[in-house]
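> My questions will all concern the structure given below.
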Amino acid sequence: MNINWGALGEVFVVALVAAVVLTTLFAYGVRGLSERETARDQGGTGTLQLTGSVVCFAVCTAVVAYGIYLIVA
Amino acid sequence: MDFSLIVLVVVVAALAFDFTNGFHDTANAMATSIATGALKPKVAVGISAVLNLVGAFLSIEVAKTISGGIVDDTKVTPVVIFAGLIGAIIWNLVTWLVGLPSSSSHALFGGLIGATWIASGADAVHFGKVVEKVLIPAVASPIVAGVVALVGTFLTYRITQKSRENVVGKGFKTGQVLSASLVSLAHGTNDAQKTMGVITLALIAGGTLAPGSNPPLWVIVACGLAIAAGTYLGGWRIIQTMGKKLTEIQTPQGFAAETSSAAVILASSHLGFALSTTHVTSGGIIGSGLGRKLAEVRWGVAGKMAVAWVLTLPAAAIVGALAAVISTQGSWGTVLVGGVGVVLALGIWLASRRNPVTAETINEPEAAEAAPVAV
């Protein structure tokens, strides 16, 4: 019997990093949308906040696409 | 019994198992989305079914997952595989009746181990491999997923703490639909694969395929369709347990739980670790419950689930062993086991009708809108 603790640790680290990156990016994206509304309520355009959100969501999508690529390949 | 006839019987039994696997595991991907109201129940199971079907076609390392050295494949015959499948199906149906999200993979492994043990002796089962490939991941995976989900949930609430409630609610509803879809896809690549492996093993054992063959296209199509059909039917009882009874779930939590589960499943498949999707997603839900400032987790329900996890493999092994004792007696034995299996399945289905849980009754009208609390 040869328990592969290294692989288990690797799964843990990879999953933790991936999940933290994804949830953080997505949460900042949502926060950006919220701040955009606040900015618009105060007479601003909110373009900066919207751009930030879009970048967050785009990176999020890219990370997910890479994940799917890993299953398929 | 005619050789090709027994192989046909095994294929039918394997597809029946795949079907129960589908409706048993719908909850893994969709329970939290349904509980938070991010998706309507029927829409959720529809999306999940389609993605399971797609996932079934993406898989590559099929037979490896299932044969994987847990039982000695030179000593396995189609009859033994059949007995193992009957054990797995019956355990899946019983746990569904009581609404417990037990692992379909463990039911399958348990059934095969029990049947092989009885038919070919204990030395045909590689117990070292069982510990390495089944027991260790069973303990580790819910903990890993739980910790990841805890961190993810905490960060999610932290970051959006001062944001507007309506934007947060809407944003994470969308996020949840996406993350749940990813879990469904991962599930298709993972669990449909296991049945394909079993059918391929039976075809090899029956001499239809050369050893080491890849699954033929019709096997992939049949398995994909069976798991998708099962998924669409929806295991509403288990969805209720996962989505409502374990802990109350809000959309940001559901999003974090599913993202974590998907990440754990993807990471482990990529690195060659065989995990149970059921264990991963349950751990994720509990972790997200803890991450929201230790929102109440109903440990009684969690404890009952843990007991079911521990029991799954031995229980399915015992049923599989019994089935093997009878079905290796000859053709009449195999027919008898098949008949008893069908009667039991029918009986369980009839019992479930007395207290139905359906798409209509799964959520009380107060399907919770997300209202993030300060962390």
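> Quick one: Cα centre-to-centre distance for segment B:1-40 and segment B:112-175, in angstrom?
Segment B:1-40 and segment B:112-175 have Cα centres separated by 19 Å.
> What shape does segment B:90-143 take by its C-alpha gyration tensor, where a ≥ b ≥ c are the square roots of the eigenvalues and a/c under 1.5 counts as rounded, a/b above b/c as prolate, and the rest as oblate? The partial results should precede the final answer.
Working: a/c = 4.48, a/b = 1.28, b/c = 3.49.
Oblate.
> Express in % the proportion of alpha carbon pairs of segment B:155-230 at distances exceeding 21 Å. Intermediate results must be reported in sequence, preceding the final value.
On the way: 1460 of 2850 pairs.
So the pairs more than 21 Å apart make up 51 percent of the total in segment B:155-230.
> Over all residues in A:28-37, what is the mean tally of Cβ atoms on other chains that come within 10 Å of each residue's Cβ? Please report the intermediate quantities before stating the final value.
On the way: counts 4, 4, 15, 9, 3, 7, 9, 4, 1, 4.
Per-residue shielding by partner chains comes out at 6.
> Whole angstrom only: what separates the Cα centroid of segment B:76-90 from the Cα centroid of segment A:14-73?
Answer, in whole Å: 47.
> When Lys and Arg each count +1 and Asp and Glu each count -1, what net charge do the other residues less than 10 Å away from A:G46, Cβ to Cβ, add up to? Provide the component values of the computation, followed by the final result.
Details: positive: A:R36, A:R40; negative: A:E35, A:E37, A:D41.
Summing Lys/Arg as +1 and Asp/Glu as -1 gives -1.
> Sticking with this one: How do B:M196, B:M30, B:M305 line up, fewest other C-beta atoms within 10 Å first?
B:M305, B:M196, B:M30
> Which whole number gives the average count of other chain Cβ atoms within 10 Å of the Cβ atoms across peptide B:170-177? Please report the intermediate quantities before stating the final value.
Working: counts 2, 10, 3, 0, 3, 8, 0, 0.
Per-residue shielding by partner chains comes out at 3.
> So, one more: Could you compute the net charge surrounding B:L85? Neighbours are other residues with a C-beta less than 14 Å from the C-beta of B:L85; K and R count +1, D and E count -1. Kindly include the intermediate steps, with their values, before the conclusion.
Numbers: positive: B:K194; negative: B:D18.
The answer is 0.
> When you look at the Cβ of every residue in B:150-163, what mean number of other chain Cβ atoms sits within 10 Å?
On the way: counts 0, 5, 10, 2, 2, 7, 6, 1, 2, 9, 8, 2, 4, 9.
The mean count of partner-chain Cβ atoms within 10 Å per residue comes to 5.
> Once both axes come from the Cα atoms, what is the angle between helix A:47-72 and the longest principal axis of chain A, in degrees from 0 to 90, rounded to 10?
20
> Something else now. Find, among the trypsin sites (Lys or Arg not before Pro) in segment B:155-216, those assigned to loop by DSSP (not H, G, I, E, B) with at most 15 other beta-carbon atoms within 10 angstrom. Please list the in-between numbers first.
Values: sites: B:R158, B:K162, B:R164, B:K170, B:K173, B:K194; in loops: B:K162, B:R164.
Sites meeting the loop and neighbour criteria: B:K162.
> Over all directions, what mean area does the Cα convex hull of chain A project, stated in square nanometres? Please report the intermediate quantities before stating the final value.
Working: hull surface 23.7 nm².
Averaged projected hull area, Cα only: 5.9 nm².
> Next question. For segment B:92-104, take each phi angle, set θ = phi - 60°, evaluate the Karplus expression 6.51 cos²θ - 1.76 cosθ + 1.60, and give the result in whole Hz per residue in order, putting x for glycine and proline.
4, 5, 5, 5, 5, 4, 8, x, 9, x, 7, 7, 5
> Starting with the highest mean, order B:340-348, B:182-190 by the number of other Cβ atoms within 10 Å, averaged over the residues of each peptide.
Values: B:340-348: 14.6, B:182-190: 27.4.
Answer by packing, highest mean first, reads B:182-190, B:340-348.
> Oh, and also: Considering only Cα-Cα distances, which of the following residue pairs are longer than 23 Å: B:K129/B:K304; B:K42/B:K304; B:K40/B:K170; B:K75/B:K133; B:K40/B:K173; B:K42/B:K170? Display every interim value, and only then the final one.
On the way: B:K129/B:K304 27 Å; B:K42/B:K304 28 Å; B:K40/B:K170 15 Å; B:K75/B:K133 20 Å; B:K40/B:K173 12 Å; B:K42/B:K170 20 Å.
In this structure, B:K129/B:K304; B:K42/B:K304 lie more than 23 Å apart at Cα.
Any read-out appearing in this document is the output of simple, stated calculations on the displayed coordinates, not a laboratory observation. Treat the numbers as computed from the prediction; the structure is a model and nothing was measured. Note: ideal-geometry Cβ built from the backbone for every residue, glycine included; neighbour counts use all protein chains shown.
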